[in-house]
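Here is the structure we will look at.
The values are calculated or read from the model by the stated rules, or taken from the named source; none is laboratory data. All figures in this text were calculated on a predicted structure; none of them were measured in a lab. In this analysis, Cβ positions are derived from the backbone assuming ideal geometry, glycine residues included, and neighbour counts consider all displayed protein chains.
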Amino acid sequence: MSGLTLPTEDIEAIERATVAAVAHEACEVVGPWILALKPGTIGRARSAAPLAHNLVRDESLLARIEAAYRAQDMVAEFRLPDVDGLSGVAALLAERGYAPEQPTLVMEAPVARVAAFAEPRAVRLAQPDEGWASVFLGQGFDPVDGAHRVKTLTRSPDAVFAAVRDGAETCAVGVAALAEGWASLHGMRTAQAHRGKGLAGQVMATLAAAAAERGVARMFLQVEEGNAPARALYARAGFAPLWRYHYWRRA
């Protein structure tokens with residue numbers, strides 16, 4: 001797919017920031033790849049991603065990455081962007097028995113644009129509380145995945161947490177992790193009974209405003225390509241696609 005063109009240093013910063021948010025205590029760099037080595041339900045936390053978009057096929061390097069995952073009693077997964085400069089890597093993965101799944105978009109927006117998208121009415125939290133965590137475990141969400149995301153995201157270093165509340169009830173939540181000069185958006189959840197009220201926009205605007213106060217000018221997120229409602233929301237907030245990736249997994 002076509003997207004915005006980024007210099008290699010920005011690509012590397014985004015991938016490092018992604019891993020910092022979800023697997024900062026369990027990662028490794030092998031050549032031009034960053035390996036997230038945290039088992040669980042979050043694909044970005046357990047997969048390897050290239051730090052550049054122009055790598056040649058290198059079977060010995062992929063074998064080293066697979067060995068690094070085996071050493072952690074994990075199965076290797078590759079989070080590979082769909083770009084011409086990585087076509088040789090994609091072909092090599094296919095030859096080694098991997099297949100692409102779960103197409104996902106990486107999207108970017110100016111922090112100032114997102115902060116202006118809605119009134120930043122969400123409450124900023126110094127640390128997530130039980131109400132914040134409860135949204136991940138509510139109706140319509142996988143409780144196992146939700147519990148894992150709460151545990152992971154609450155440990156993200158240098159993160160800002162936000163929640164929209166109606167009295168004692170927490171209605172919508174999110175988190176922005178600040179790393180590598182970027183704010184990365186994670187854990188956007190709205191309780192089923194409160195969807196369609198613009199609460200996600202309030203959360204995003206609040207997190208973007210917090211990032212701006214810390215001098216961060218750019219924000220990115222990752223959303224599954226098939227999630228049309230979320231993509232439409234993010235587009236309205238000013239996010240534009242940078243690239244699409246697939247998770248390459250063995251059956």
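Taking the residues in region 146-173 that are small (Gly, Ala, Ser) and on the phi < 0 side of the Ramachandran plot as candidates, determine which candidate is surrounded by the most Cβ atoms within 10 Å (Cβ to Cβ). Looking at residues that are small (Gly, Ala, Ser) and on the phi < 0 side of the Ramachandran plot, I get Ala162. For Ser60, state whether it is in contact with a Phe, Trp or Tyr (Cβ under 7 Å, 6 or more places away or on another chain) and either touching a residue at least 24 places away in the same chain (Cβ under 8 Å) or under 16 Å from Arg96 (Cβ atoms) (or both). No: the conditions fail for Ser60.
Pairs linking a residue in region 88-108 that is small (Gly, Ala, Ser) to a residue that is part of a strand (DSSP E or B), with Cβ atoms under 8 Å and 6 or more positions apart or on different chains, are Ala90/Leu80; Ala90/Pro100; Ala90/Trp248; Gly97/Arg250; Ala99/Trp248; Ala99/Arg249; Ala99/Arg250. Ala240 meets all of the listed conditions (1) in contact with a Lys or Arg (Cβ under 8 Å, 6 or more places away or on another chain); (2) in contact (Cβ under 8 Å) with a residue 60 or more places away in the chain but one, namely (1). For the condition of a type in the set (Val, Ile, Thr) and at pLDDT 95 or above, what is the one hit in Val114, Val123, Val150? One residue alone meets the criteria, Val114.
Pro143 falls short on exactly one of the conditions (1) within 20 Å of Ala21 (Cβ to Cβ); (2) surrounded by fewer than 16 Cβ atoms within 10 Å (Cβ to Cβ), and that condition is (1). Within region 219-251, the set of residues being over 25 Å from Ala99 (Cα atoms) and surrounded by fewer than 18 Cβ atoms within 10 Å (Cβ to Cβ) comprises Pro229, Ala230, Ala232, Ala235, Arg236, Ala240.
The residue of region 71-102 that is nearest to Thr8 (Cα to Cα), among those that are among the hydrophobic types (A, V, I, L, M, F, W, C) and in a loop (DSSP other than H, G, I, E, B), is Val83. Exactly one residue out of Ala193, Ala212 is small (Gly, Ala, Ser), over 20 Å from Gly43 (Cα atoms) and at pLDDT below 95: that is Ala193. His186 meets all of the listed conditions (1) touching a residue at least 40 places away in the same chain (Cβ under 8 Å); (2) closer than 18 Å to Ala21 by Cβ; (3) out of contact with any Ser or Thr (no Cβ under 8 Å at 6 or more places or on another chain); (4) surrounded by 18 or more Cβ atoms within 10 Å (Cβ to Cβ) but one, namely (3). Considering region 84-103 alone, what residues qualify as being surrounded by fewer than 21 Cβ atoms within 10 Å (Cβ to Cβ) and of a type outside the set (Gly, Ala, Ser)? Listed by number, the residues that qualify are Asp84, Leu92, Glu95, Arg96, Pro100, Glu101, Gln102, Pro103. Filtering Ser156, Ser184 for residues that are under 14 Å from the mean Cα position of the chain (by Cα), modelled with pLDDT under 95 and of a type in the set (Gly, Ala, Ser) leaves a single hit, Ser156.
Scanning region 128-144 for residues that are over 14 Å from Thr170 (Cβ atoms) and at pLDDT below 90 gives Gly140, Asp142, Pro143.
To keep it simple, each residue is scored yes or no on (1) assigned to a strand (DSSP E or B); (2) out of contact with any helix residue (DSSP H, G or I) (no Cβ under 8 Å at 6 or more places or on another chain).
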| site | (1), (2) |
| --- | --- |
| Val164 | yes, no |
| Thr170 | yes, no |
| Val173 | yes, no |
| Ala176 | yes, no |
| Ser184 | yes, no |
| Met188 | yes, no |
| Gln202 | no, yes |
| Ala209 | no, no |
| Val216 | no, no |
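Here Glu119 clears all of (1) over 26 Å from Phe220 (Cα atoms); (2) in a loop (DSSP other than H, G, I, E, B) except the condition numbered (1).
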